[in-house]
Structures are given as structure tokens and as C-alpha cells.
Amino acid sequence: MSRIQATFDRLAQEKRKALIPYITAGFPYADITPELMHAMVAAGCDVIELGVPFSDPMADGPVIQKAGEKALTFGIGLAQVLEMVKTFRARDQQTPVVLMGYANPVERYELAHGSASFARDAAACGVDGVLIVDYPPEECEAFAAQLKVNGLDLIFLLAPTSTDQRIQQVARIASGYVYYVSLKGVTGAGHLDIAAVEEALPRIRKHVKIPVGVGFGIRDENTARSISRVADAVVIGTKVIQVVEDQPRENVSKALSAFLSGIRAALDSKNS
């Protein structure tokens, strides 16, 4: 059983929802990421999404895009991200880590290190799952097979515009969890329509039998609590980046922990 599945199984037994924060690797300081990952866990987070910096992201809004650009200036690429996960694993063997990014860094890594090297090396460093934004299900079956052989989950995005056919395609290949993008557009854009999310999830669950997380547009305790009533997980990215982006180094972990602890308390309060 993967760490991701074990985490969701435990949370289901506890009748609690997963909190999944996203942070861009190498941001806001090149060497701070493992420290921030531990701070996330201490604040009550269940799964960590670690963004792989890329120069031409198609789904990232201006906040996350700027974070990626800064990380790139520090020389942070996929190889460095894997080392960060390895460092994190020296102290934490339980918390699932998902890499979120784009096909280009993965394909460049394999050009340098050999065919199927990404799945092998990611697993060796302690990665649990991968979400590649621009790998649609019909074009990544070989990649999915490589991940499966190495015990890694392949996570997909679904959107308000996803057809039943696309949902079925994702359901056939996806493992770990599915990430439902709650609004049209890029990260951090638009107003979260909670009623629309509530309407969409039953349609997704007709086909998808693994947990469904919801992200894009969740920025505070109230929206997180509302989404948790219908989703299995709440994913927060843009707001996490905003919380840490202007902090002096000595305050970054403290600020992040305070924000996420508030979200965790809000998610759990409905069960109290």
C-alpha cells in the first residue's frame, strides 16, 4: 500500500479530510524547502505537493509563476528537487510527497539520465506520487506503467469542463487521488463557486473511486471548511506562496505554520 493510500485510509477512519499544501521547491530561498516541508507536517498537513520549477508553466497563475522563476534563478531543477525530497525523508518516512509540474523537466531529466530514470530516481528519493499537468491520460500510459513499477501514484487534474469520457479515461489510469480544479483558468484566478463544486463532485465520483481533492481558489479557513464538506482533500497553493514570499528567512517557517495550522483547525472543527 502506498503512503498516499495509507494516509487517505487513515483519514477516512478518523472522519477527517486531507490538507494538501503546495509549495514551489527552492522558494522563497534555495535551501529552505525541506525545512518548510517539516513545518507543513507539524502544522497538520497530510500530503505535500512540491512544485518543480519550470520556465513556461501553462496552469500556474502569476503568483506561482513568479515563485518558479525565482527558484530557477537559484538553479533549482528536477535533480535538485529530488535531493530536497531525499533530505526530507531522512527525518520523515510517513508523509506522502507529490511532485507537481510539467513534462519538459521530466523529459529533460530522462535525456540526461536514461530512459525511465525519472520514476526510478524519484522513488529512490522518497517521492510517492507525480502530477504532470500536460500529460493527458491518453498519451502517458507508458509513463504510468513506469511509475507503477516503481510504486508511484499518477495523479491527474480534472476541471469543470471535463467530459464524462475524460473522467472515465482518468479514472482508468489515476491512482492516489484525483485533483479537481474548482474553477476555469490558472491558479489563484477567479472566485471559488462552492455550489458548483458541490454539483460537480457527484458526477466525478460516478467514475472515480479514489479520493478527490479540490484546489484552485481556496484561500482561507472558511472556503477550506466549505470545500471539505464535499471533497476528500483541500489543496492550497497560491495562498501558501503569498504567505511566505515576502518573509525574511527566519520568519518563513513560522508564518507558514501559523497559516496552515489555522486551516487544519478549520477542517477539523466541523467534526468537533
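The set of residues in the stretch 18-35 that are within 20 Å of residue 131 (Cα to Cα) and in contact with a Ser or Thr (Cβ under 9 Å, 6 or more places away or on another chain) comprises 18, 19, 22, 23, 24, 25, 26, 27, 33, 34.
The single condition from (1) in contact with a strand residue (DSSP E or B) (Cβ under 7 Å, 6 or more places away or on another chain); (2) without any contact (Cβ under 8 Å) to a residue 24 or more places away in the chain that residue 114 fails is (1). Have a look at 210, 218 and point out the one that is part of a loop (DSSP other than H, G, I, E, B), modelled with pLDDT under 95 and buried (at least 16 other Cβ atoms within 10 Å of the Cβ). Going through 210, 218 in turn, just one is part of a loop (DSSP other than H, G, I, E, B), modelled with pLDDT under 95 and buried (at least 16 other Cβ atoms within 10 Å of the Cβ): 218. Do we have residue 139 as free of Cβ contacts under 8 Å to residues at least 24 places away in the same chain and in contact with a Ser or Thr (Cβ under 8 Å, 6 or more places away or on another chain) here? No, not satisfied.
For the stretch 229-246, residues that are within 26 Å of residue 168 (Cα to Cα), at pLDDT below 95 and either acidic (Asp, Glu) or buried (at least 23 other Cβ atoms within 10 Å of the Cβ) (or both) total 0. Within the option set 108, 91, being in contact with a His (Cβ under 8 Å, 6 or more places away or on another chain) and farther than 22 Å from residue 177 by Cα holds for one residue only, 91.
Given the condition of a type outside the set (A, V, I, L, M) and under 26 Å from residue 37 (Cβ atoms), answer yes or no: does some residue in the stretch 157-173 qualify? Checked against the condition, which is being of a type outside the set (A, V, I, L, M) and under 26 Å from residue 37 (Cβ atoms), the stretch 157-173 yields no hits at all. Restricting the first member to the stretch 67-81 and to residues that are among the small types (Gly, Ala, Ser), and the second to residues that are surrounded by fewer than 18 Cβ atoms within 10 Å (Cβ to Cβ), the beta-carbon pairs closer than 7 Å and six or more apart or on different chains are 67/245.
Criterion applied to 203, 264 was being surrounded by 15 or more Cβ atoms within 10 Å (Cβ to Cβ) and either closer than 25 Å to residue 24 by Cβ or basic (Lys, Arg) (or both), and the one residue passing it is 264.
Suppose we keep only residues that are under 21 Å from residue 60 (Cβ atoms) and in contact with a helix residue (DSSP H, G or I) (Cβ under 8 Å, 6 or more places away or on another chain) within the stretch 82-100. Which one would you say is surrounded by the most Cβ atoms within 10 Å (Cβ to Cβ)? That would be 99. The set of residues in the stretch 146-156 that are surrounded by fewer than 19 Cβ atoms within 10 Å (Cβ to Cβ), within 20 Å of the chain's Cα centre (by Cα) and of a type outside the set (S, T, N, Q) comprises 148, 151.
Can you name the residue in the stretch 9-21 that is of a type in the set (D, E, K, R) and surrounded by fewer than 20 Cβ atoms within 10 Å (Cβ to Cβ) and is also farthest from residue 259 (Cα to Cα) among such residues? Across the stretch 9-21, the extreme among qualifying residues is 9.
Would you mention how many residues in the stretch 142-161 are in contact (Cβ under 8 Å) with a residue 24 or more places away in the chain and not in a helix (DSSP H, G or I)? Final tally of qualifying residues: 11.
Annotation: of all residues in the stretch 40-57 being under 22 Å from residue 14 (Cβ atoms) and of a type outside the set (Val, Ile, Thr), the one that is surrounded by the most Cβ atoms within 10 Å (Cβ to Cβ) is 49.
The values are calculated or read from the model by the stated rules, or taken from the named source; none is laboratory data. Everything quoted here is computed from the prediction, not taken from an experiment. Backbone-built Cβ (ideal geometry, glycine too); neighbour counts: all protein chains shown.
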